[in-house]
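To start, the structure itself, in structure tokens.
Values quoted throughout were computed directly from the atomic coordinates according to the rules given, and no laboratory measurement underlies them. What you see is a predicted model; the values in this text were computed from it and never measured. Using ideal geometry, Cβ is built from the backbone for each residue, glycine included, and neighbour counts are taken over all protein chains shown.
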């Protein structure tokens, strides 16, 4: 395992951010990393998380929030804040990789402050790989990241009214 962990951001309106993070997690699990996967803005079920659990990733169900809001409100800040507090506990448990799936979407919707996200980045242990995904990141987040990948939508079948499909979108 690497002695230095990096901060990755996967941002944009395109598909593939969670898939990229999951690919990193699968690779890490097979390299004997301890992986924690946190879901922000998604419900408990996702095929990616199920696969990681089956592969032996240390994904604890109590860390996953149990909500899925298509139109989140500011009153849901508490849910996101409590999820963020559990991330700090994962850092204390010395996970090798921590994934914060859709935390940047929670940020872009105003459910978590830029300061709170930056504090999570700062709290990352030196040897922990930290992956954040979501719609948008601030300039300060991008500055603190070591890797930034933008997933840009050119065309999507959702725009024609297609529904999310099990095994493809979740």
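Once both labels are positioned 7 Å from their Cα atoms along Cα-to-Cβ, the gap between residue 91 and residue 113 label points is 1.6 nm. From the alpha carbon centroid of the range 4-29 to that of the range 100-158 is 11 Å. You can think of it this way: the chain between residue 143 and residue 47 has 31.4 nm of extra reach, that is 0.36 nm per residue less the Cα-Cα gap. Does the range 93-142 come out rounded, prolate or oblate, given a ≥ b ≥ c as the square roots of the eigenvalues of its C-alpha gyration tensor, rounded meaning a/c under 1.5 and, failing that, prolate meaning a/b above b/c? Because a/c hits 1.5 or more and a/b exceeds b/c, the range 93-142 counts as prolate. Here each label is just a point 7 Å from Cα along the line to Cβ, and for residue 136 and residue 169 those points are 2.2 nm apart.
When you work out D = kT/(6 pi eta Rh) for the range 105-170 at 37 °C and 0.692 mPa s, using the Kirkwood radius from C-alpha pairs as Rh and the Stokes-Einstein form, the result is 230 µm²/s.
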